[in-house]
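The values are calculated or read from the model by the stated rules, or taken from the named source; none is laboratory data. Please read all numbers here as calculations on a predicted model, not as lab measurements. FYI the Cβ positions are ideal-geometry reconstructions off the backbone, even for glycines, and counts take in every protein chain you see. Ligands, DNA and RNA are stripped out before the accessible areas are found, and what is left, the full protein with its side chains, is counted by its heavy atoms. Shrake-Rupley method; radii C 1.70, N 1.55, O 1.52, S 1.80 Å.
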Amino acid sequence: MIDDIIGTVFKASVAASTIRLATPYIFASLGETLGQRSGVLNLGVDGIMLMGAFFGYYAVLTTESLILGVLAALFIGGLMGLAMAFISVTLKAEQGISGIGVYLFGLGMSELLFQEFVGTPQSVDGFPRISIPGLSDLQFLGLGDIFFNHNLLVYVAFALVPMTAFVLNRTNFGLMIRAVGQNPEAADAMGVSVTRVRYLTVTLGGMLAGLAGASLSIALLNVFQQNLTAGQGFIAVALVYFGGWRPYGVLLGAMLFSFVNALQLQIGISAPEIPSEFAVMAPYVVTIIALMFASKRRERPDALTVPFERG
Amino acid sequence: MTQSSVGGMTHQRIDRLVMRGIVKQFPGVLAADHIDFDVQSGEVHALLGENGAGKSTLMKMLYGLYQPDEGTIEVNDSPVKIGSPQDAIRLGIGMIHQHFMLVPSLTVAENVALGMRGIRDGVLRLDDVVRGLLELSEQYNLKINPHTPIWQLAVGEQQRVEILRALYKGAALLILDEPTAVLTPQEVDDLFRILRQMTDDGHALIFISHKLHEVLAISHRVTVLRDGKKIDTIPTSEATKRKLAEMMVGRPVVLEYDKHPVKRGEVRLRLERVSALSNRGDLGLKHVSLELHSGEIVGVAGVSGNGQHELAQVIVGLRPLESGAIYVDGNDVTGKSPAVMNRLGVSYIPEERMIDGVVKEFTVAENLVLQDHAREPFARGGLFMNFKAITEACQRAIRDYEIKTPNTETPVKNLSGGNIQKLILARELSRNPHVLIAAQPTRGVDIGAMEYIHQRLLDEREKGTAILLISEDLDEIRLLADRIAVLFEGEIVGIVDSADADVETLGLMMAGVREHES
């Protein structure tokens, strides 16, 4: 049995599905990273993902246009991000609680809309796999299948990691985000609008969460059902902490989590004598253990969850 | 109007800035009541007043952080509207805040680039900023490495970054809000040198302070505020310490106390090579040994953040020791809880009075019995509160300690800082302590309350209490203490007799220079 498991670990199919499964986490966690670096904790990611998943799915179902699906997901995600920004930045509500409100809204609303407009689950034609010419045929260690034979959103997600890191560390907008999250009084005194920066990051974060949902419903699973995300948005929030608020750290966390998840799926097939409940638990247990060791970092925004008040 | 170019940024000179009839109303307080104020190129105008006099409010209006309800502001004789810090910066107004407005994780250059127009959008290009900073640091002889993150800098260096940043952004008028509060005497001299160079270059400076000798040393004119009103503006050449103090307080004040000689008694508190961690996790207190005798005040001097906080907390049992031992009246009390220390006669006036000193939602009476509420006479049989006894004790304290409060049932948060401090004093002294740890006992209180607290501490000394006075105000320490211990980076650099301690020696010690080295 142990041999089975070890064999599984090194399977190319596990590696490939690790990368695929990581996609929604990467989108959602990068978005959440932006918001948190500016000082806003959005716990509603999962609810926004669900809405993004439904809107993306419904757009594809009715128009058969993947572009419209992605746009619909970005739109509703941005709208919910904007709502979260309004509640937490303008109304200065307790962020933990308002995030849960946003989550519950997304959970209920996506289910309601699905029952009202679709009813029975039916699959859609999602993003097809794109084989990168010349690379996807690479036989060596199965690299071609692992890295170069995925749907478009997978490539977009991985490309977003260095882009987000660049924005945060090498642009003026990033400088403002970091300053607003660490010492909003200082940013304010230097003429940076704390409100505007936080609205932007939380709205962007919402758009990415919407896209994360769509990457499930129109790229990975190609279907929508009640509570499709099953808490992935909460894991995405945890991954931001795990990654120490850095995009590459978040990527590492998403990969680790998805690897355990992929392994668990594979073991379910190759070693059915292990109770599946344990296997399903495994990724979450690993996340909690990893979080315990993720130490407090300097990148942690000091003003996280603290509404800004001038004077 | 002239134009000059410093650090790559062009800015306009402010020949004259006038604030006229400024009014600002906060709920329940008139923070600024028709205040006129002006400052000119090439001068240092000091703004003097007690806490709550309206100095910061007035300056925050000049920097666009608050909007005045009434009144006008003119720059070079044309009216301006300053709706935000952006507007202020655009007009050439800079401000060095009391709490530095720097982002710890960012580098010096990044902090300077933050919010700057021109490079606001797109990719960060710090080369120009770095070059400009180096030029400026040479011009003003302020050494700074633009690539160092702020958290690695000492407080004095952080202030230099603030000043360089304001200069880089083209500040022609600079507001300095209590800039000396965190500096050693030598650093203050250095700051004054920079300020003089700036006025020579045509800058206009506003210097907010409540330290009279500094105001006399650096300013050309002084404006005194009291209770939101302007008392007067006078040339510094016509001002004396006594005159300024009276203008601030509105009555004659005591500048020195009659300190009676008291015979030093037995050792009450002994610290043996005490080490403790700071909140950051490094050793905030390193092998501190100290003896405190009955009837003496030992002052602990040092720049903020050099272990004062840890020292006080370790003695009263709020912070665990890493090593070493503490004795009270000869008994080993190492690692004992605050409750035990309390019972053994150790009283504590904490630095953060609103956080560690009182429960601010509780009433005056409740705060007075925070430690003793479960004991006779405040609790019958240790179970049921005896409100009659509590109220009586509270009324006595209000009378004896001159606490200004509407009644015993007023929530403490509605009292002024000075009255809250008197309440804490009443509570801590009523238990006739053997040892009193007073951490920043007069910080942020008005001069009247300060005098009162000082007198009470001297009275306690005469009664034979051993007092540890931890203060960042060197004047206060020199005024009250018999011996002075200087803390630097968690170590006691030296202990000197107050009579032999001049400011220069203490200043050097506060910068870490040991006695025999100087």
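Other protein chain C-beta atoms within 10 Å of residue C-beta, averaged over A:170-177: 5. Binning all Cα-Cα separations of the range B:358-431 at 10 Å, short to long from zero, yields these whole-percent fractions: 22, 57, 20, 1. Each peptide in A:201-211, B:341-351 gets a packing score, the mean of other Cβ atoms within 10 Å over its residues, and the list from highest to lowest is A:201-211, B:341-351. Under the shape rule built on the C-alpha gyration tensor, where the axes satisfy a ≥ b ≥ c, the range B:169-322 is oblate, since a/c reaches at least 1.5 while a/b does not exceed b/c. Computed with a 1.4 Å probe over protein heavy atoms only, the accessible area of A:MET281 comes to about 90 Å². Using heavy atoms of the protein chains and a probe of 1.4 Å, the accessible area assigned to B:ASP475 is about 70 Å².
Which whole-angstrom value gives the distance between the alpha carbon centres of the range B:20-54 and the range B:278-305? About 38 Å separates the Cα centre of the range B:20-54 from the one of the range B:278-305. Taking packing as the residue-averaged number of other Cβ atoms within 10 angstrom, the listed peptides B:362-374, B:422-434 run from highest to lowest as B:422-434, B:362-374.
Label-point separation (nm) for B:ARG380 and A:LEU138, each offset 7 Å from Cα along Cα-to-Cβ? For B:ARG380 paired with A:LEU138, the spin-label model returns 8.5 nm. Write down, largest first, the equivalent ellipsoid semi-axes of chain A in whole Å, where each equals the square root of 5 times an eigenvalue of the alpha-carbon gyration tensor. The answer is 32, 23, 19 Å, longest axis first.
Of A:LYS92/B:LYS60; B:LYS60/B:LYS230; B:LYS55/B:LYS169, which pairs sit farther than 19 Å apart, going by alpha carbon to alpha carbon? Could the numbers behind the result be given before it?
Details: A:LYS92/B:LYS60 23 Å; B:LYS60/B:LYS230 16 Å; B:LYS55/B:LYS169 24 Å.
Long pairs (Cα-Cα over 19 Å): A:LYS92/B:LYS60; B:LYS55/B:LYS169.
For chain A, with all protein chains present and a 1.4 Å probe, just round the carbon and sulfur fraction of the accessible area to a whole percent.
Details: 9010 of 13300 Å².
Of all accessible area on chain A, carbon and sulfur atoms account for 68 percent.
Sorting B:189-197, B:76-84, A:257-265 by their mean Cβ neighbour count within 10 Å, with the most densely packed peptide first, gives A:257-265, B:189-197, B:76-84. Under 19 Å from a label point 7 Å along Cα→Cβ of B:GLU322: give me every residue in the range B:273-309 with its amide N that close. The answer is B:273-290, B:305-309.
Give the average, rounded to an integer, of partner chain Cβ atoms located within 10 angstrom of each Cβ in B:94-104. Provide the component values of the computation, followed by the final result.
On the way: counts 1, 1, 0, 3, 0, 3, 4, 8, 6, 13, 5.
Per residue, the number of nearby Cβ atoms from other chains is 4 on average.
Per residue, the accessible area of the range B:254-333 comes to 46 Å² when a 1.4 Å probe rolls over the protein heavy atoms. In the context of the full protein assembly, A:ILE289 retains an accessible surface of approximately 80 Å², using a probe radius of 1.4 Å and ignoring ligands and nucleic acids. Among the residues of B:122-130, the average count of other protein chain beta-carbon atoms within 10 Å of the residue beta-carbon is 2. Placing R0 at 30 angstrom, the Cβ-Cβ distance between A:PHE166 and B:LYS143 gives a FRET efficiency of 0.40 after rounding to 0.05. Per the 1.4 Å probe, what fraction of the accessible area of the range B:358-431, in percent, lies on carbon and sulfur atoms? The nonpolar share, carbon plus sulfur, comes to 55 percent. In the frame of its principal axes, chain B has Cα extents of 76, 51, 47 Å, reported largest first. For the range B:312-340, backbone nitrogen atoms closer than 17 Å to the point 7 Å from B:GLU272 Cα along Cα-to-C-beta are found at B:315, B:321-336. Estimated from helical segments only, the mean residue ellipticity of chain B at 222 nm is -9000 deg cm²/dmol, where each DSSP H run of four or more residues counts as -39500 (n - 2.57). Exposed loop sites were defined as GluC sites (Glu not before Pro) in DSSP loop states (anything but H, G, I, E or B) carrying at most 16 other C-beta atoms within 10 Å; in chain A the longest segment without such a site runs A:95-272.
Mind counting lysine pairs for me in the range B:358-431? Cα separation below 15 Å, and the two need to be 8 or more apart along the chain or on different chains. List each step's numbers first, then the result.
On the way: B:LYS360/B:LYS413; B:LYS360/B:LYS422; B:LYS404/B:LYS413; B:LYS404/B:LYS422; B:LYS413/B:LYS422.
Value for the range B:358-431: 5.
The A and B chains share an interface that buries close to 2200 Å² of accessible area, total over both sides, probe 1.4 Å. Centre-to-centre separation between the Cα atoms of the range B:372-407 and those of the range B:408-482: 20 Å.
When the inverse distances between all different Cα atoms of the range A:186-254 are averaged and flipped, the Kirkwood radius reads 14.1 angstrom.
A helix-only calculation puts chain A at -22500 deg cm²/dmol for mean residue ellipticity at 222 nm, using -39500 (n - 2.57) for each DSSP H run of at least four residues, averaged over all residues.
Accessible area per residue for the range A:98-157 is 58 Å², calculated with a 1.4 Å probe on protein heavy atoms, without ligands, DNA or RNA. Under 17 Å of direct C-alpha separation, and excluding same-chain neighbours fewer than eight residues apart, B:LYS263 reaches these aspartates and glutamates: B:GLU291, B:GLU296, B:ASP459, B:GLU460, B:GLU462, B:ASP482, B:ASP497. If the label point is 7 Å along Cα→Cβ of A:SER13, which residues in the range A:126-155 have backbone nitrogen under 15 Å from it? Answer for the range A:126-155: A:142, A:145-146. A Förster distance of 51 Å, applied to the separation of the beta-carbon atoms of A:VAL280 and B:PHE26, puts the FRET efficiency at 0.35. At 1.4 Å probe size, with every protein chain present, just tell me what the per residue accessible area of the range B:358-431 comes to in Å². Accessible area per residue, the range B:358-431: 52 Å².
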